[in-house]
1. For residues in region B:87-115 being within 14 Å of chain A (Cβ to nearest Cβ) and either in contact with a helix residue (DSSP H, G or I) (Cβ under 8 Å, 6 or more places away or on another chain) or among the polar types (S, T, N, Q) (or both), which is farthest from B:L67 (Cα to Cα)?
2. Take B:A22 and decide whether it is assigned to a loop (DSSP other than H, G, I, E, B), surrounded by fewer than 19 Cβ atoms within 10 Å (Cβ to Cβ) and either over 13 Å from the mean Cα position of the chain (by Cα) or within 13 Å of chain A (Cβ to nearest Cβ) (or both).
3. Inside region A:1-21, can you point out the residues that are under 12 Å from A:L65 (Cα atoms) and in contact (Cβ under 8 Å) with a residue 40 or more places away in the chain?
4. Are any residues in region B:76-90 in contact with an Asp or Glu (Cβ under 8 Å, 6 or more places away or on another chain) and closer than 19 Å to B:R101 by Cβ, and if so, which ones?
5. Hey, can you tell me all the residues within region A:56-65 that are at the interface with another protein chain (Cβ under 10 Å from one of its Cβ atoms) and part of a helix (DSSP H, G or I)?
6. Condition first: at pLDDT below 80 and aliphatic (A, V, I, L, M). Can you find one or more residues in region B:25-33 that meet it?
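The values are calculated or read from the model by the stated rules, or taken from the named source; none is laboratory data. Bear in mind that the values here come from a model prediction, so they are computed numbers and not experimental data. Cβ coordinates were reconstructed from backbone atoms using ideal geometry, including for glycine residues, and neighbour counts include every protein chain displayed.
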Amino acid sequence: MSRFNSFLTRTGERLALPKATRSLILVEIASDLEGLFQFYLEQGMSEEDAAARAEEKVDMSDQALAELVRVHSEVRGWTDRLGKVAHPFGERMAMSLLVIFFVAAAAVAVDGQTFAHLTLYIWPIVAILVLVVVTFARQMARFSDRPNPRRVREQLATPLFLGAGSVVVGFLSAGIQLYRALVRMAYDPAGAGRVFSRAVLGGTATLVCALLIALVAGVVWFVLAGRTARLEDTVAGAYTEVR
Amino acid sequence: MTDTPDPQPTATGLELDPQSLARSCHEAMILAVLADSPRHGYQLALEIEDRSRGAFRFNHGTLYPILHKLEADGLIDGAWTAPAGKRRRRQYGLTAGGRERLAALRDAWMTFTALLLEVIGRNDP
C-alpha cells in the first residue's frame, strides 16, 4: 500500500473524469508525490514531515481541479463521449441489431443490377471507403505499437466524418440526378418517363451504396472506440497497480 | 447584459489581462526548463523555484492542468519511464512545436519587460 493512498483517494473523488483518464492522472500525481517525498527526505526531513510536505505541495485547489477537468473534457470530444456510451451491453446489442437490419435491408435492395445503375458519383464514395479502410488499418497498427494513452483518441472520429461525407455525397448525387432529369423532361416531354426512371434508378442506387458505406464507417468507428476504451482501461489498470 | 471583450494580443504579443499573463508566464517557464532536458512534473517545479531563487514557488497541483494542456496542444510530449527498481514516472519533453512556441514567448516577454521598464524606469528617485 502506498503511503499516499488516502490522499490519492481524496483527490480522485474530486476528479469528475472517466475512470481511465482519472487513473492515469492519479498515477502521475502518485509518482510526483514519491519523487517529492524522496527529495524532502534527502533534505533531512523525517519520513512523516516529508510525506506531509509532499502532500501539501501537490494538493490541488478547486480551481486547479476544475481546470484539469476542463482540459481533459476538451481533449475528449463529443465523439469520444459517444464512444464511451456505446460500451454497455445494451448499447452493443442495439448497434448489432441496427447493423443486421441494415445489412438485411441492403441484401434485399442491392443486386447485380444495382451496380449497373450506379452514376459517376460512386467514385468519391469508393474513395471514402478506401479512406475508411486505411484509417481502420492505421488505428489498429497504432494499438499494437504501445501508443500514448492520452493521444490514442486522436483521429478516432475520422471514420464518423468519412461516413457523414458518404451520406452527403449520396444525397447530393440523387439530388443532382433528379434535377438534371427534370430539366431534360422540361425540354423533351415525350421521353419524360424514360429519363425520369433512369435518373431515379441511378440516384437511388448510388444513394444506397453511399448509405452502406456510411454504415461500414460507423461500424469501424464503433469497433475502434471500443478498442480505444479497453486499451485506456488496461493501461490505467497496469499503472495503478504499480506501488 | 454586459459584454466583456475578449483579451486581445497587444504590441508585445501578449494578452495583458492578469489571467492570460499568468498563464503565459507559467507556459514560458515550463517550456524553457524543458528546453534543457526532459523532466518529471515535480522536477519542473523544483527547477523553476531554484532558477528563480525561490521567487516563483509553484504549487505542484497547479502544474498538472498546464502540463496536460501543453501536451494536448502538442507543445510537450509526455512518456512513462520506469527506471530499474523504481516507480514509473511521467516525464515531459519539448516538441518541435514547443520550441517554436518558446521562441515566440521569449520575444513577447522581452518586448513586454522592455516596454514596462521604459514606463517605470524613467524617474530615478
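1. So the first thing to find is which residues in region B:87-115 are within 14 Å of chain A (Cβ to nearest Cβ), and the list is B:87-93, B:95, B:97.
Next cut, either in contact with a helix residue (DSSP H, G or I) (Cβ under 8 Å, 6 or more places away or on another chain) or among the polar types (S, T, N, Q) (or both) only: B:87-93, B:95.
Values: B:R87: 20, B:R88: 18, B:R89: 14, B:R90: 11, B:Q91: 11, B:Y92: 8, B:G93: 11, B:T95: 13 Å.
Only one residue tops the list, namely B:R87.
2. Details: assigned to a loop (DSSP other than H, G, I, E, B): no; surrounded by fewer than 19 Cβ atoms within 10 Å (Cβ to Cβ): yes; either over 13 Å from the mean Cα position of the chain (by Cα) or within 13 Å of chain A (Cβ to nearest Cβ) (or both): yes.
So B:A22 does not fit the description; no.
3. Once the filter is applied, which keeps residues that are under 12 Å from A:L65 (Cα atoms) and in contact (Cβ under 8 Å) with a residue 40 or more places away in the chain, region A:1-21 yields A:T11, A:R14, A:L15, A:A16, A:L17.
4. Answer for region B:76-90, where residues must be in contact with an Asp or Glu (Cβ under 8 Å, 6 or more places away or on another chain) and closer than 19 Å to B:R101 by Cβ: B:D77, B:G78.
5. Kept after step one, since they are at the interface with another protein chain (Cβ under 10 Å from one of its Cβ atoms), are these residues of region A:56-65: A:56-61, A:63-65.
Across region A:56-65, the qualifying residues are A:E56, A:K57, A:V58, A:Q63, A:A64, A:L65.
6. Step one: filter region B:25-33 for residues at pLDDT below 80, giving none.
Taking every residue of region B:25-33 in turn, none turns out to be at pLDDT below 80 and aliphatic (A, V, I, L, M).
One line per residue, one yes/no per condition, for (1) away from every other protein chain (no Cβ under 13 Å); (2) under 29 Å from the mean Cα position of the chain (by Cα):
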residue: A:R10; (1), (2): no, no
residue: A:R14; (1), (2): no, yes
residue: A:Q43; (1), (2): no, no
residue: A:E47; (1), (2): yes, no
